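Encoded as structure tokens, the structure appears first; notes follow it.
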Amino acid sequence: ALSLVEARDLITDAAVKQRVQAAIAKTVAYLQQVNIASIETPYAAALITFALVKAGVSTAADVDAMIATVESLWTTSAAAVADEDEPYNPWSYCYITPSADVETVAYAVLVMTEVGRLDDAYAASKWLVEKRGGHGGWQSTQDTVVGLEALSAYSAAVYAAQDDITVTISAGEGF
């Protein structure tokens, strides 16, 4: 569903676009039957919720359930424990966060950003930044692409949410 939704606007042939829209409708109908709260795998919860959000059919309950399933990955106590348990990479002389965790948190950031829950996305975005490697990416190309997409979307949303401000500067006498 996610790939079809992302590619839908790029399709110019009317017949192909109609078939893609029908495939999206079937896939979304299937995904809507899934109870996000019953999913135990954080990656699946984040990815399914992201697909529903992109299709425009997610509910606040879906997003809340996804956050409840996934947030242990970026909370302070879980992150501290995870640092000790992360696999050691002898080539980088440091511990590396598993790619699946990075992708999961990135999809969660994308979901929270897309639905306007920027305050909720803050801690997850911070976790993503803290887990980047020395060269700015994460462990794999895939997690780096999704991570950068999430941070870019979050940054753009936060910047867009800024209200206009007026700054007045005044100086006392003799300045």
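The values are calculated or read from the model by the stated rules, or taken from the named source; none is laboratory data. Computed from a prediction, not measured in an experiment: that's the story for all the values here. In this analysis, Cβ positions are derived from the backbone assuming ideal geometry, glycine residues included, and neighbour counts consider all displayed protein chains. In case anyone asks, the SASA skips ligands and DNA or RNA and just uses the protein heavy atoms, side chains included. Shrake-Rupley method; radii C 1.70, N 1.55, O 1.52, S 1.80 Å.
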Next item on the list: Can you confirm whether segment 90-105 contains a residue that is at pLDDT 95 or above, within 30 Å of residue 25 (Cβ to Cβ) and either assigned to a loop (DSSP other than H, G, I, E, B) or of a type in the set (Gly, Ala, Ser) (or both)?
Entry: no
Item checked: residue 150 at pLDDT below 90, of a type outside the set (S, T, N, Q), under 27 Å from residue 65 (Cβ atoms) and open to solvent by less than 70 Å² (accessible area, probe 1.4 Å) -> no
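Do we find a residue being in contact with a Gly (Cβ under 6 Å, 6 or more places away or on another chain), at negative phi and assigned to a loop (DSSP other than H, G, I, E, B) anywhere in segment 137-158? Break it down into steps so the answer makes sense when it comes.
Here is the first cut: in segment 137-158, the residues in contact with a Gly (Cβ under 6 Å, 6 or more places away or on another chain) are 138, 144.
Within this subset, residues satisfying the condition of being at negative phi are 138, 144.
From what is left, the residues that are assigned to a loop (DSSP other than H, G, I, E, B) are 138.
Looking through segment 137-158, at least one residue is in contact with a Gly (Cβ under 6 Å, 6 or more places away or on another chain), at negative phi and assigned to a loop (DSSP other than H, G, I, E, B).
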Check: Which ones in segment 40-63 are in contact with a Ser or Thr (Cβ under 9 Å, 6 or more places away or on another chain), surrounded by fewer than 19 Cβ atoms within 10 Å (Cβ to Cβ) and of a type in the set (Val, Ile, Thr)?
Finding: 41
Notebook entry, point to check: Which one is farthest from residue 57 (Cα to Cα) among residues in segment 1-32 that are outside any loop (DSSP other than H, G, I, E, B) and hydroxyl-bearing (Ser, Thr, Tyr)?
Noted result: 3
